[in-house]
Each structure stands twice: as C-alpha cells, then as structure tokens.
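Enquirer: Below is one structure. I have some questions about it.
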Amino acid sequence: MTCYLDYNATVPIKPAVIEAMVEAMRHGGNPSSSHHAGRAARAMVDEARATVADLVGAAPGAVVFTSGGTEANNQALRGSPGRILVSAIEHDSVLAAAPDAVRAPVQGDGQVDLAALEALLASSACGMVSVMLANNETGVLQPVAEISRLARRHGALVHCDAIQSAGKVPVDLAALGVDFLSLSAHKFGGPPGVGALILAPGIEPVALLQGGGQERRWRSGTENLPGIVGFGRACALASGDDTAASRLQPLRDRLEAEIQALQPAAVVLGQAAARLPNTSCLTMPGVASQTQLIHFDLAGIAISAGSACSSGKIGGSHVLMAMGVAPDVASSAIRVSLGWGSEAADVDRFVAAWTDLHDRHHQRRQAVAACN
C-alpha cells in the first residue's frame, strides 16, 4: 500500500466531497437554464460560492470560479494597470504569466526581503505586486499583510496566490489586505480542475474567456457544476476543521528531528522561518533528489522534488536558487508533505526508508574510499 506524502502536489479527494459531487452529477442541469432543473443547479452553485467565500472571509459576489489555480493567477495578473512586481519564488503559473515582471529577492530563510521590495516599489512604478502566501516547495509563509501595506504606500494593487495555504492555515482576504486571491480545490481535498479568484470590494478582473457571460461576464463558459459543488464541500470541511495544524505539525517536526538526529548534515530548508505545518523540504547529503525519488517510490512512498506542477520539468529549483542554497545542497532536496490521511506510521515508514538509502550510500562511499 502506498504511503502518500505528497499532499502539496494534490490532496486525495475527501469522501464527503466525492459524495457531494456524485449527487451533483446525478442532478444534472445547467445553472444558466431558467427551468426547474437549471434553477436547482444554480442554487447549488450559489451555495458553493457562499461556502468558498466564507473560507476566506469574502462576500459571495467576490468569488469568480475558474478551472483552477493557474487560471486564477493568470486572470489576476491580467488585471494589472501597469508593470508587475513578483517575488523570485513564485509558482511557475505566476512567473510565466508575467515574464517581464520585476523580481523581488528573498532572504536565505525563503521570506521576501521587505527592504529590497520597498526599494523596487519606489523605483519601478509597478501597478501590481504578486506574492504567494506559502511556498509550495518549502512551505515558508510570506508576510503578505506587510507586503500589502508597502504596496499600498506606492499605489500598487496586490495579488496573493493562496493556493498552497488554504485548508492548512487561516486565510482572510481583509486581514491580508490584498485585491486578488487565488485558490485551487485540489490542494485541500476538493476535485482537480476547479478553483477561484477572490476579489476585494470594488475590484474588477479582466475576463480571459468570452462567451455566454457566466460569472458576471468575468469567466464565460458553462459552470463545472460537480467540480464547484465539490469545491464548496471541501471548503466547508476545511472551515470546520481547526485541528489540522495541531495534528500535522508534530508529525512533521518529529520526521525532521529524527532525520537530523540520524544525519546532522541533513538540512531542512526554510526551517528558521514560519512554515506550513505539513511541509518539509529536506536534503540527503550526497544523494541526488531523483535517486531518492526512485528509492522511495520502490518502497511504496510518494514524495516529490520541488513543485509537481510542471510537466516534464527539468533543472534545478528556482525557489532554492533564489534562497541562495548551494547547488550541491539543492540537488539533494526532496519535499515531504502531510495531509488529512497522514498518520504516525507514515512518518515511521519514511524515516526507515530514508535511513536505508542513507546507510547504503554511506557504505558505498566507504567501500570506494577503501579501494582507493
């Protein structure tokens, strides 16, 4: 049986979400139709919209349903009134959508350098700042509220990619002070292929798709009724669960402590900063990330090396590079991410597999040294 420790890539759909989606599929109906079935479908969309909004402290009318986080990020950035400033560790969907953006550096702990950010704001005449709430590779949390205050001082709008944060830490639109907030259902137990762009009061996004005028003409196309219903159900479950962090962080901390006790040279990247409670980006000195992935996969353990969101991605992590991590250290980094199905036995199984590979590598090095 697979030991799944890759929740930052995607979270297995929660059973209650599947049930809600099946019911929506049985119901059918186009939310834009005026007959009874259409009105019932519209009511289901409206209920989900209110639940999604409640998760982030927004008004229901602020929610624009999208096909996922990538689309939400692209739509938000399209709404910039001028040049865009992003952090150097943003998700590829932000960096690719704004290839000419000014990039703000981060410190060694993975947090945005606020002094450098303010200097760039003062000199670059930016119309929008885009900073993620939590990094998908390291779990490091960004001081988004403070970044918003700096951006306001210079007249810039703020977009926050909260895709990796929702369901793991509290996310509040007003407290963050942002104009655009991106969410994706599959990152906290909802279905893939559905997300949302959340708007602050008075904000109008630029439509990426033209057609029938759905989503107040902000996102045309027949609504993904089962996906939206599942998204709403996942948000309801996340809103009602205030124990996730308190349950997962001790497991994550024990995993890191046991690895570092076995090998003090193992580095937990971003460990000095505030992080998501479920995420660990750690190294095995001298053993390449891809070698580790193969070993863990053969042991029935699912982990990743960096982001899992880029098909066919090769090369080093731009996140770790921006943090100033030495190439030989970055090349041995893997990401372990826990979630709603994780148990203490999963940590035990991971540590055992990590120890096995580490010891075998150490023994091979000793044998080679002896031959020389």
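Enquirer: Which residues, taken from the range 141-162, are farther than 10 Å from Ser130 by Cα and of a type in the set (S, T, N, Q)?
Expert: Correct list: Gln142 only.
Enquirer: Looking for whichever is surrounded by fewer than 23 Cβ atoms within 10 Å (Cβ to Cβ), more than 20 Å from the chain's Cα centre (by Cα) and free of Cβ contacts under 8 Å to residues at least 24 places away in the same chain here; the options are Ser220, Ser124. Which one fits?
Expert: None of the others qualify; the one that does is Ser220.
Enquirer: Tell me, please, whether a residue that is touching a Cys at 6+ places or on another chain (Cβ under 6 Å), touching a residue at least 24 places away in the same chain (Cβ under 8 Å), more than 26 Å from Gln249 (Cβ to Cβ) and of a type in the set (D, E, K, R) can be found in the range 78-97.
Expert: The answer is yes, given that some residue of the range 78-97 is touching a Cys at 6+ places or on another chain (Cβ under 6 Å), touching a residue at least 24 places away in the same chain (Cβ under 8 Å), more than 26 Å from Gln249 (Cβ to Cβ) and of a type in the set (D, E, K, R).
Enquirer: How many residues does the range 143-163 contain that are open to solvent by less than 10 Å² (accessible area, probe 1.4 Å) and in a loop (DSSP other than H, G, I, E, B)?
Expert: Residues that pass the stated criteria total 2.
Enquirer: Still on this structure, please answer the following. Any chance the range 206-217 includes a residue that's at pLDDT 95 or above and acidic (Asp, Glu)?
Expert: no
Enquirer: Right, something else. Among the strands (runs of 3 or more DSSP E) confined wholly to the range 38-137, which include 3 or more residues that are of a type outside the set (A, V, I, L, M)?
Expert: Fully inside the range 38-137 and qualifying: 126-130.
Enquirer: Taking the range 174-186, which residues are open to solvent by 10 Å² or more (accessible area, probe 1.4 Å) and either among the β-branched types (Val, Ile, Thr) or in a helix (DSSP H, G or I) (or both)?
Expert: Hits for the range 174-186 are Ala174, Ala175, Leu176, His186.
Enquirer: Kindly provide the set of residues from the range 82-104 that are of a type outside the set (A, V, I, L, M, F, W, C) and buried (at least 16 other Cβ atoms within 10 Å of the Cβ), ordered by number.
Expert: Ser87, Glu90, His91, Ser93, Arg103
Enquirer: Something else: Take the conditions touching a Gly at 6+ places or on another chain (Cβ under 7 Å), open to solvent by 20 Å² or more (accessible area, probe 1.4 Å) and of a type in the set (Lys, Arg) and apply them to Arg254. Does it pass?
Expert: no
Enquirer: Same structure again: Restricting attention to the range 19-31, does a residue exist that is over 31 Å from the mean Cα position of the chain (by Cα) and surrounded by 14 or more Cβ atoms within 10 Å (Cβ to Cβ)?
Expert: Checked the range 19-31: at least one residue is over 31 Å from the mean Cα position of the chain (by Cα) and surrounded by 14 or more Cβ atoms within 10 Å (Cβ to Cβ).
Enquirer: On to the next question. Which one of Val229, Val267 is buried (at least 18 other Cβ atoms within 10 Å of the Cβ) and within 19 Å of Thr138 (Cα to Cα)?
Expert: Testing whether each residue is buried (at least 18 other Cβ atoms within 10 Å of the Cβ) and within 19 Å of Thr138 (Cα to Cα) leaves just Val267.
Enquirer: Give just the number: which of (1) surrounded by 15 or more Cβ atoms within 10 Å (Cβ to Cβ); (2) under 30 Å from Arg103 (Cα atoms); (3) not aromatic (Phe, Trp, Tyr) does Gln290 not satisfy?
Expert: Of (1) surrounded by 15 or more Cβ atoms within 10 Å (Cβ to Cβ); (2) under 30 Å from Arg103 (Cα atoms); (3) not aromatic (Phe, Trp, Tyr), only one is false for Gln290: (1).
Enquirer: Restricting the range 1-32 to residues that are at pLDDT 95 or above and among the small types (Gly, Ala, Ser), which is nearest to Leu183 (Cα to Cα)?
Expert: Here the answer is Ala9.
Enquirer: Restricting the first residue to the range 48-74 and requiring it to be closer than 13 Å to Ile228 by Cα, which pairs with a second residue that is of a type in the set (S, T, N, Q) and not in a helix (DSSP H, G or I) meet a Cβ separation below 9 Å and a spacing of at least six or different chains?
Expert: Phe65/Gln214; Phe65/Asn224; Thr66/Ser182; Thr66/Ser184; Ser67/Asn224; Gly68/Ser184
Enquirer: Considering only residues of the range 293-310 that are part of a loop (DSSP other than H, G, I, E, B) and within 18 Å of the chain's Cα centre (by Cα), which is surrounded by the most Cβ atoms within 10 Å (Cβ to Cβ)?
Expert: So the residue we want is Ile303.
Enquirer: Of all residues in the range 57-76 being crowded, with 24+ Cβ neighbours inside 10 Å and farther than 13 Å from Arg219 by Cα, which is nearest to the chain's Cα centre (by Cα)?
Expert: Among them, the one singled out is Gly69.
Enquirer: Only residues that are free of Cβ contacts under 8 Å to residues at least 40 places away in the same chain and within 22 Å of Val106 (Cβ to Cβ): list them for the range 248-265, please.
Expert: Result: Glu256, single match.
Enquirer: Hey, another quick one. Among the residues of the range 317-345, which ones are part of a loop (DSSP other than H, G, I, E, B), under 12 Å from Arg252 (Cα atoms) and open to solvent by 10 Å² or more (accessible area, probe 1.4 Å)?
Expert: Selection gives Glu343 alone.
Enquirer: Right, next: Considering the range 330-352 alone, what residues qualify as being farther than 30 Å from Gly190 by Cα, touching a helix residue (DSSP H, G or I) at 6+ places or on another chain (Cβ under 8 Å) and of a type in the set (A, V, I, L, M, F, W, C)?
Expert: Result: Ala330, single match.
The values are calculated or read from the model by the stated rules, or taken from the named source; none is laboratory data. Just so we're clear, the structure is a prediction, and the values are computed from it rather than from any experiment. Glycine gets a Cβ as well: all are built from the backbone with ideal geometry, and neighbour counts include every protein chain shown. Accessible surface areas use protein heavy atoms only, side chains included; no ligands, DNA or RNA. Shrake-Rupley method; radii C 1.70, N 1.55, O 1.52, S 1.80 Å.
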